[in-house]
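**Student:** Quick one: the structure is below, questions incoming.
Just so it is clear, none of the values below were taken in a lab; they were calculated from the coordinates. Given the structure is predicted, the values throughout are model-derived calculations rather than measurements. Here Cβ is always computed from backbone atoms with ideal geometry, including for glycine, and neighbour counts include all displayed protein chains.
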Amino acid sequence: MPRPDNRKPNELRPCEITPDFVRTADGSCLIRCGGTRVICTASVEESVPPFLKGKNLGWLTAEYSMLPASTGRRKARDGVKKDGRGVEISRLIGRALRQAVDRRFLGERTITIDCDVLEADGGTRTASITGGFVALCCAVDKLIQQGKLKESPIVHQIAAVSAGIVEDVPCLDLCYLEDSAAQTDMNFVMDETGAFVELQGTGEGRAFSRAELNAILALGEKGIQELHELQRKALGQRAEVIAPKRTLVIASNNAHKIQEITEMVGDRLRVISMGEAGFTGDIDENGETFEDNAIIKARAVAKATGFCALGDDSGLSVDALDGAPGVHSARYCGHHGDDKANNDLLIANMADVPAEDRTAEFVCAMALSLPNGEVKTVRGACPGVITFTPRGNGGFGYDPYFEYLSGETFAEMAQEEKNRISHRANAMQLMIPYLEEL
């Protein structure tokens, strides 16, 4: 079956994306797909709809319209009552592009994507989504350059394309003549992983088989991959705003702790210290629990730096001392960070405690704070006993006196082994699912 423009069934129409087409917009592009041309703009407002006020979430919405001369016959402009088709497509574009953004990282602001069709030759809604994503990226890059965002909230790359069955042949990217005569018409909205954001399909001329559906799906996936490449090419360096590695600031100046957490997190995030993030202030850890102090630290650093922050508070809880030193572990002796004095006081206070009653546990509470103030907390623990004399030359703090179930003190253990079984390791395992959501 020859196609009107002599394309092969699996070929996209010639597609060209010109970014920065509208000088006054926060982000924009002109997208041309065959005979279809759409201007896509992104506008940023420093406010959100009433239903989102105070929730520390951003919003993304879209509007779609066809200019009067975009078709062969003049189309009346939208009046007070919006064109039903335009409203439906506006909602589709908004739904699709909201999947590109983690609104927790957008701040309380709204990005509106406007898609105005200059010329319509089929596929205007899919071209609007594909071009709208480019306009969105341009607007986010501008927010970062202005210092209004520290990191991009864009977590997925979104594009859309049509496919269908014309004269019993599965075809990609239908033009108007094909679309109007298609036996089956489908629209695909997909992300960079191949997951579907939206799938619209109708047997307009006849029902379609599973085999035909599979053929159309394969065409849609191929077209989306090619459109993703075109989007990145059009964006150039600004494509770096698409799903960047998130930054995690460790809310601590303790070099041992930062090293441990960095090794546990691995390369899934860009881990930096408070100093590297530019945080130099003091944090008053005046909470009554480990969780309280972890939250205080994480929120303070996240608010000051604009990055996600991980705070933890850990310490030793001894059963015979009713949970002491507890939240005061680092300053048990009366001043902060004197490991020898802290250990001397601990052993003195346990002088009359027999071996069978010297049970204890290291406790670690972790708090992850997002820049919008959202917090997740977990608690990990590691059981052991307090020895009568110190053993081992490694570790820090109470490690020489804390004997794990294996019979080794933390100070005797290899760092790799300690990282595997410690209270901080156990807390981190519980925290990992939250970090994977960033």
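**Student:** Give me the one-decimal nm value for the distance between modelled label points at SER180 and ARG331, 7 Å along each residue's Cα-to-Cβ direction.
**Tutor:** 7.9 nm
**Student:** Where both partners of a DSSP beta bridge lie in the range 247-436, what percent of those bridges are antiparallel, to the nearest 5?
**Tutor:** In the range 247-436, approximately 80 percent of DSSP beta bridges are antiparallel ones.
**Student:** Roughly what would the spin-label model give for ALA218 and ARG74, points 7 Å off Cα along C-beta, in nm?
**Tutor:** 4.8 nm
**Student:** Lysines within cross-link reach of LYS257: Cα-Cα under 17 Å, excluding same-chain residues under 8 positions apart?
**Tutor:** LYS297, LYS418
**Student:** Please name whichever of GLY278, ALA381, GLY266 sits farthest to the positive end of the charge dipole of the chain, dipole taken about the Cα centre and charges placed at Cβ: Lys and Arg +1, Asp and Glu -1.
**Tutor:** Positive-end residue among those listed: GLY278.
**Student:** I would also like to ask the following. Just from its helices, what would the mean residue ellipticity at 222 nm be for the chain, if runs of 4 or more DSSP H residues each count -39500 (n - 2.57) and the sum is divided by every residue, rounded to the nearest 500 deg cm²/dmol? All intermediate terms of the calculation are to be shown ahead of the outcome.
**Tutor:** Values: 9 runs with 128 residues, N = 438.
Taking each H run of at least 4 residues, the total per residue is -9500 deg cm²/dmol.
**Student:** May I ask for the net charge around ASN393, where only other residues with Cβ less than 11 Å from the Cβ of ASN393 are counted and Lys, Arg are +1 while Asp, Glu are -1?
**Tutor:** On the way: positive: ARG391; negative: ASP399, GLU412.
Around ASN393, the charge tally is -1.
**Student:** For the range 247-436, with the dipole built from +1 on Lys and Arg beta-carbon atoms and -1 on Asp and Glu ones, taken about the Cα centre, which of PHE396, LEU430, ASN349 lies farthest toward the positive end?
**Tutor:** Result: LEU430, furthest along the dipole toward the positive end.
**Student:** Order of 33-43, 320-330 by packing, highest average Cβ count within 10 Å first?
**Tutor:** Per-residue Cβ counts within 10 Å, averaged per peptide and sorted highest first, yield 33-43, 320-330.
**Student:** Magnitude of the Cβ-charge dipole of the range 15-241, K/R +1 and D/E -1, about the Cα centre, nearest 20 debye?
**Tutor:** Dipole about the Cα centre, nearest 20: 840 debye.
**Student:** Compare the peptides 185-191, 118-124 by average per-residue count of other Cβ atoms within 10 angstrom and give them in order, highest first. Provide the component values of the computation, followed by the final result.
**Tutor:** Values: 185-191: 23.3, 118-124: 21.0.
Sorting 185-191, 118-124 by mean packing, highest first, produces 185-191, 118-124.
**Student:** May I ask you to list the lysines whose Cα is less than 23 Å away from that of LYS53, ignoring any residue fewer than eight positions away on the same chain?
**Tutor:** Excluding near neighbours in sequence, the set is LYS148, LYS150, LYS303, LYS376.
**Student:** Rounded to the nearest 5, what is the percent of antiparallel bridges among the DSSP beta bridges in the chain? Mind dumping the intermediate values first?
**Tutor:** Working: 66 of 81 bridges.
Here the share of antiparallel DSSP bridges comes out near 80 percent.
**Student:** Tell me which lysines have Cα within less than 18 Å of LYS222's Cα, excluding those fewer than 8 residues away on the same chain?
**Tutor:** Leaving aside lysines fewer than 8 places away in the same chain, those within reach of LYS222 are LYS8, LYS233.
**Student:** Give me the net charge for the shell around MET350: Cβ to Cβ below 10 angstrom, other residues only, Lys and Arg +1, Asp and Glu -1. Mind showing how you got there, number by number?
**Tutor:** Numbers: positive: ARG358; negative: ASP352, ASP357.
Result for the neighbourhood of MET350: -1.
**Student:** Using +1 on the beta carbon of Lys and Arg, -1 on that of Asp and Glu, and nothing else charged, what's the dipole of the chain about the Cα centre, debye to 20? Before the final figure, lay out the partial values.
**Tutor:** On the way: 49 positive and 64 negative charges, 440 e Å.
So the dipole magnitude of the chain works out to roughly 2120 debye.
**Student:** Extension gain GLN237-ARG23, at 0.36 nm per residue separation less the Cα-Cα distance, in nm? Walk me through the intermediate numbers first.
**Tutor:** Numbers: separation 214, 0.36 × 214 = 77.04 nm, distance 1.87 nm.
Here the answer is 75.2 nm.
**Student:** If I take R0 = 51 Å and measure r between the Cβ atoms of ASP339 and LYS150 in this structure, what FRET efficiency does the formula 1/(1 + (r/R0)^6) give, to the nearest 0.05? Mind dumping the intermediate values first?
**Tutor:** Numbers: r = 36 Å, r/R0 = 0.70.
About 0.90, to the nearest 0.05.
**Student:** Give me the distance between the Cα centres of the range 193-230 and the range 158-185, rounded to whole Å.
**Tutor:** 10 Å
**Student:** Under 5 Å between amide hydrogens, which residues at least 5 positions from ALA324 or on another chain qualify, with H placed 1.01 Å from N in the peptide plane?
**Tutor:** For ALA324, whose amide H was placed from the backbone, the distant partners under 5 Å are VAL318.
**Student:** Shifting gears a bit: So if we plug the beta-carbon distance of ASN349 and LYS303 into 1/(1 + (r/R0)^6) with R0 = 45 Å, what FRET efficiency do we get, rounded to 0.05?
**Tutor:** About 0.75, to the nearest 0.05.
**Student:** Can you give the charge dipole size of the range 247-436 about its Cα centre, rounded to the nearest 20 debye, using +1 on the beta carbon of Lys and Arg and -1 on the beta carbon of Asp and Glu? Write down the numbers at each step before the final one.
**Tutor:** On the way: 15 positive and 29 negative charges, 128 e Å.
Computed about the Cα centre, the dipole is about 620 debye.
**Student:** With an 8 Å Cα cut-off and a minimum separation of 6 or more residues, compute the relative contact order for the range 15-241 in percent. Provide the component values of the computation, followed by the final result.
**Tutor:** Details: 515 pairs, mean separation 48.6, N = 227.
So the answer I get is 21 percent.
**Student:** From the list [x] 1.16; [y] 1.32; [z] 1.08, can you say which value of Rg/Rh (Cα atoms, Kirkwood Rh) was derived from the structure given?
**Tutor:** Computed from these coordinates, Rg/Rh (Cα atoms, Kirkwood Rh) corresponds to label [x].
**Student:** Ranked highest first by the average count of other Cβ atoms within 10 Å around their residues, in what order do 384-391, 136-143 fall?
**Tutor:** Numbers: 384-391: 16.4, 136-143: 23.5.
Answer by packing, highest mean first, reads 136-143, 384-391.
**Student:** Now, a different point. Can you give me the relative contact order of the range 247-436 as a percent, contacts being Cα pairs under 8 Å and 6 or more apart?
**Tutor:** Numbers: 378 pairs, mean separation 36.2, N = 190.
That works out to 19 percent.
**Student:** Output the relative contact order of the chain, whole-number percent, from Cα pairs under 8 angstrom with separation of 6+ residues. If you can, show how the numbers build up before the last one.
**Tutor:** Working: 955 pairs, mean separation 49.5, N = 438.
In percent, rounded to a whole number, it is 11.
**Student:** Quick check: the distance between the Cα centres of the range 85-148 and the range 41-61, to the nearest angstrom?
**Tutor:** Distance between centres, Cα-based: 13 Å.
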